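Trainee: This structure is in structure tokens; I'll ask about it shortly.
The values are calculated or read from the model by the stated rules, or taken from the named source; none is laboratory data. The shown structure was predicted, so the numbers you read here are calculated from the model rather than taken from an experiment. FYI the Cβ positions are ideal-geometry reconstructions off the backbone, even for glycines, and counts take in every protein chain you see.
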Amino acid sequence: MAEALLRKVVTVADELLLELGRPVAVPVRRVAAAAVIHNPWAGGGLVADLGPEVERIAPGLARLLTGRISEALGGVDRIESFGKAAIVGLDGEIEHGGALIHTPFFGNVFRELTEGTSIIVFSDDRLPAGEPLTVPLWHKTAAATRSHYQTCQIRIPDAPRPDEIVVIAAGASGPRPNARIGDRATDPLIRLADLDDLDDLETVT
């Protein structure tokens, strides 16, 4: 990845210790690492083939951001959940962000470096500088593990500029605080026909 493309790297982290004023069962640290880069397709009109720039840029971004997450969490083995995201500046296409995070040149590298096997959950948007984006996460090897469904949020006051893209990788060291709503692997089979009181929901809405 060309160094001139990269303007800044931002890492945000939080560690939740209390919920409703009581210690959580498992303190969880969540980290999002973001690379603010110049949009390589900015000003070029509708570029038919985004592949060459993706192949040039995306693997380096995946390595960089995974390294930041791993360092903040204390090693790859501490990463239990992961997610990815992109924010495109106002002069770019949504597809520009998607190109950098949704192909194997980013996703496969990120997954391998984190020792994951799951599909990587994601979010993306086109936003002005300073707007927040919520990044979803789930378990890196067992996507059906509901306890690890969670989010983190990132906001960079001066990014993305109109001709920039913010590429984000995120990780968490454990499950949601006090997770206790069961798991997809043990859920009963629920069908509409089984919900006799479905009409009662109309009184709730």
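Trainee: Would you tally the residues in the range 184-194 being modelled with pLDDT of 85 or more and in a loop (DSSP other than H, G, I, E, B)?
Mentor: So the count comes out to 5.
Trainee: Another question about this same structure. Assuming PRO162 fulfils every condition listed in (1) touching a residue at least 40 places away in the same chain (Cβ under 8 Å); (2) closer than 18 Å to ALA32 by Cα; (3) of a type outside the set (S, T, N, Q) apart from one, which condition is it?
Mentor: So the condition that PRO162 fails would be (2).
Trainee: I need the strands (runs of 3 or more DSSP E) fully contained in the range 28-141, keeping only those with at least 2 residues that are surrounded by 23 or more Cβ atoms within 10 Å (Cβ to Cβ) and at pLDDT 95 or above.
Mentor: Result: 81-88, 133-139.
Trainee: Anything in the range 18-27 that is of a type in the set (A, V, I, L, M, F, W, C) and either surrounded by 11 or more Cβ atoms within 10 Å (Cβ to Cβ) or at positive phi (or both)? List them, or say none.
Mentor: LEU20, VAL24, ALA25, VAL26
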